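The values are calculated or read from the model by the stated rules, or taken from the named source; none is laboratory data. All figures in this text were calculated on a predicted structure; none of them were measured in a lab. Cβ atoms come from the backbone with ideal geometry, glycine included; neighbour counts cover every protein chain shown. Just so you know, the surface numbers come from the protein's heavy atoms only, side chains and all, with ligands and any DNA or RNA stripped out. Shrake-Rupley method; radii C 1.70, N 1.55, O 1.52, S 1.80 Å.
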Amino acid sequence: HDTSTAIVPVDALIARNPEQSETLIDLSGDDNRSQQIDEESSGSHERFDQEFPVERRLLGIGSRTGSRRIKIVLCAIPVMILCTIAVTLFVTLGLNEDGDPAISSLQGTGDGITSEGTYQEKAEQWLSGSVYPDARRVQRYALACLYYSTFGVSTPFTDGKYGKGRVPGWLYSYGWLSSNNECTWYGISCNADGFVATIELPKNRLTGGLPSELTLLADTLEHLNVADNMVYNHGDKGVSFLGDLRKLTSLHIQSNDLVYDGIPSQIGLLTKLTELDVSYTLFNGQLRGEVFQNLADLTHLSIGGNAYNSSIPREIGELPSLRHFYADNAFLTGDLSFIEPMENIYELWIDKNPALTGTIPAFLGEKTSLGGFSATECNLQGSIPSEIGKLTDIELLWFYSNQLTGEVPSEVGNLTKLRVFEIQHNSINGTMPSQVCDQFEQKEDVKLEADCVDEVACTCCTECHRD
């Protein structure tokens, strides 16, 4: 066919021949009016033939049939427009028979998102055609990226747990990718201005990886909790974006498959943090003090379950607001000297670190804010210092499974709030002081355990062990 010949839209015809515009528009009326116009305009056909020979041939103008053809075309235009709008809305909203997003059909398919392309492309496609203010569009795009990048996405870890390509989706996804306000989606909370302040998706079977597009929420995001999932981020590319979430006050990413050499330095940029839990990830490698030196507001720090093979840096002990510190099963080395600068510590758990050596320092008695201290299954030596009797607010004290020697100091009897005292599986000997027995015999729901089968004479112990 002749590519130089093209159908010209009717509105273009009207614009190019103003004298015909009224006639062409009126042709959309009733049949009688059309017949009258056909007769009245027969004299103008020759002039139209001369000016628009191509259009005449394609549209059949110049006969009664041609006039009716124009009428049909003109009448069809509004219908075509309405159909186009309806199809666009259907594709954009993706509604199924129940009025829910069609994206819900992807849930429970085993392999999660089935369409091709990156998670960014899927998010853009979902958002296309919707009308929101720019800030809302960005917010919905960031959340859609989170959904598509963590819903049913395979990783080496999911292949090992579920089998290759057999990854279930989220446990709960109420509202996600619907037309509902994103502040009502499961796990999402917003501030008074309608912008995302909290993402709370723990134990929700997220897989894949956290997307860097979360930084699009950095101006308002204060709480991020994706604990106990199977998120797989690794190396600088996988975790560096966390350092851009500068408004975060709490970050809980524990029990995920996050791979990095030590704790990422970018976390040290989050100077508003009050809670940080990176335990039982795969942050394996030396602990670096500079990560923590600017986290002055940090009250809760949990780093256990990773293989650091290093000592606790002094910068952690010097955190002025630190109240809760958990570093169990962390392949720690060195001794307990990091505790000395801790001014406000309330709970301190350092269990299951067999390379942690040295003695229980006398300065521990100066940490009068302590409510609980646990240093079990380490390699601590020496005796329990008498200064421990100064911890008048302590309720929980565990020293079992170490290499401790000597006798239990009578000053332990000064600890009037003590409810749990476990010192079994050591080389402690002698007799449990009467002051200690008096305290425990006056209380209910207490635990006093020692090697009282063969090492310690104890008539008040709630359970006796053999060393």
- Give region 400-421 a look and list any residue that's open to solvent by less than 70 Å² (accessible area, probe 1.4 Å) and either among the aromatic types (Phe, Trp, Tyr) or over 20 Å from Thr357 (Cβ atoms) (or both), or say none. Tyr400, Val408, Pro409, Ser410, Glu411, Val412, Gly413, Leu415, Leu418, Val420, Phe421
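Condition first: under 20 Å from Pro320 (Cβ atoms) and not in a helix (DSSP H, G or I). Can you find one or more residues in region 357-366 that meet it?
At the first step, the residues of region 357-366 found to be under 20 Å from Pro320 (Cβ atoms) are 363-364, 366.
Next cut, not in a helix (DSSP H, G or I) only: none.
No - not one qualifying residue is present in region 357-366.
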- Out of Gln424, Gln439, sole residue that is surrounded by 16 or more Cβ atoms within 10 Å (Cβ to Cβ), of a type in the set (S, T, N, Q) and over 27 Å from Asp335 (Cα atoms): Gln439
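If you check Leu448 against the conditions, is it surrounded by 14 or more Cβ atoms within 10 Å (Cβ to Cβ) and assigned to a strand (DSSP E or B)?
Details: surrounded by 14 or more Cβ atoms within 10 Å (Cβ to Cβ): yes; assigned to a strand (DSSP E or B): yes.
Judged against the criteria, Leu448 is a match.
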- Report, by residue number, each residue of region 300-315 that is buried (at least 19 other Cβ atoms within 10 Å of the Cβ) and of a type in the set (S, T, N, Q). Ser302, Asn306
- So, first residue in contact (Cβ under 8 Å) with a residue 40 or more places away in the chain and β-branched (Val, Ile, Thr) in region 447-460, second residue open to solvent by less than 20 Å² (accessible area, probe 1.4 Å) and part of a strand (DSSP E or B), Cβ within less than 8 Å, six or more apart or across chains; the pairs are Val456/Ala450
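Mind counting the residues in region 342-399 that are of a type in the set (Lys, Arg) and open to solvent by less than 60 Å² (accessible area, probe 1.4 Å)? Explain how you work it out, then say what you get.
Looking only at region 342-399, we keep the residues that are of a type in the set (Lys, Arg), and these are 352, 367, 390.
Now narrow it down to the ones that are open to solvent by less than 60 Å² (accessible area, probe 1.4 Å): 367.
Of the residues in region 342-399, 1 are of a type in the set (Lys, Arg) and open to solvent by less than 60 Å² (accessible area, probe 1.4 Å).
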- Query: Taking interchain pairs and intrachain pairs at least six residues apart, which have beta carbon atoms under 8 angstrom, with the first residue in region 159-179 and open to solvent by 10 Å² or more (accessible area, probe 1.4 Å) and the second among the aliphatic types (A, V, I, L, M) and part of a loop (DSSP other than H, G, I, E, B)?
  - Reply: Lys161/Met230; Trp170/Leu201; Trp170/Leu206
- Query: Looking at region 119-151, which of its residues are aliphatic (A, V, I, L, M) and open to solvent by less than 20 Å² (accessible area, probe 1.4 Å)?
  - Reply: Ala123, Leu127, Ala142, Leu143, Ala144, Leu146
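If only one of Glu222, Glu182, Glu213 is among the charged types (D, E, K, R) and more than 14 Å from the chain's Cα centre (by Cα), which one is it? Walk me through how you get there before you give the answer.
Numbers: Glu222 fails: more than 14 Å from the chain's Cα centre (by Cα); Glu213 fails: more than 14 Å from the chain's Cα centre (by Cα).
Just a single option satisfies the conditions, and that option is Glu182.
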- Item | Enumeration of residues in region 369-421 that are in a strand (DSSP E or B) and closer than 23 Å to Glu343 by Cα | Gly372, Phe373, Ser374, Leu396, Leu397, Trp398
